[in-house]
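Below: one structure, written as structure tokens.
Throughout, read-outs are computed from the coordinates displayed, never taken from laboratory work. Everything quoted here is computed from the prediction, not taken from an experiment. Backbone-built Cβ (ideal geometry, glycine too); neighbour counts: all protein chains shown.
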Amino acid sequence: MIPFIYAAEEKCFATVPAAVVNGDTLFTLTGGPILIVELVSVCITANGAVASTLQYSSTPTVGSAKTISGASGSLISATAGTVVRLNPTALTTAPDIVTAANGGVVLGGAVANRILVNAGTITAVVGVGTMTGTWRHCIRYKPLTPDSLIAGN
């Protein structure tokens, strides 16, 4: 029984920092559905002068792709330490952006909503062009089956 208890505990995963282009796979989900507790992207090296935006999407192994957020505001010249945070108010709500000048401190959402996604991928939808800075994507999640896991790309 102990392995099943561990399997049901909240988990987290982070990617290696990289520039982000439209359609990049951020995370691969296997084994079953998960409940997203937090999903954030942290700017590691400054973004360039392209007015790019970031949106998150889920592409299940079975079924159709669906965006799980609206598009963020412009990330033009985002500096290292800027944070983009999924806001689970609705699937159309834009992610919150907190600049490094504000300490990158993000207040957790005061909503009971959590987004459930099936096995497949979570991808970046980048508007306008490549995000030229490097970004690290972090997810905290609850597996909904003992086999639900996330791997990065």
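What relative contact order, as a whole-number percentage, does the chain give when Cα pairs under 8 Å and 6 or more residues apart are counted?
46
Applying a 10 Å radius around every beta-carbon, put 130-137, 30-37 in order of their mean neighbour count, most first.
130-137, 30-37
Using a 10 angstrom cutoff on alpha carbons, build the Gaussian network for the chain and name the most mobile of Ser77, Ser69, Ser41.
Highest fluctuation among the options: Ser77.
Multiplying the sequence separation of Asn102 and Ala80 by 0.36 nm and subtracting their Cα-Cα distance, what value in nm do you get?
Details: separation 22, 0.36 × 22 = 7.92 nm, distance 1.17 nm.
Extra length from Asn102 to Ala80 when fully extended: 6.7 nm.
Need the C-alpha centroid separation for the stretch 115-153 versus the stretch 46-102, integer Å.
Measuring centre to centre over Cα atoms gives 12 Å.
Please work out the Cα convex hull volume for the chain and give it in Å³ per residue.
103
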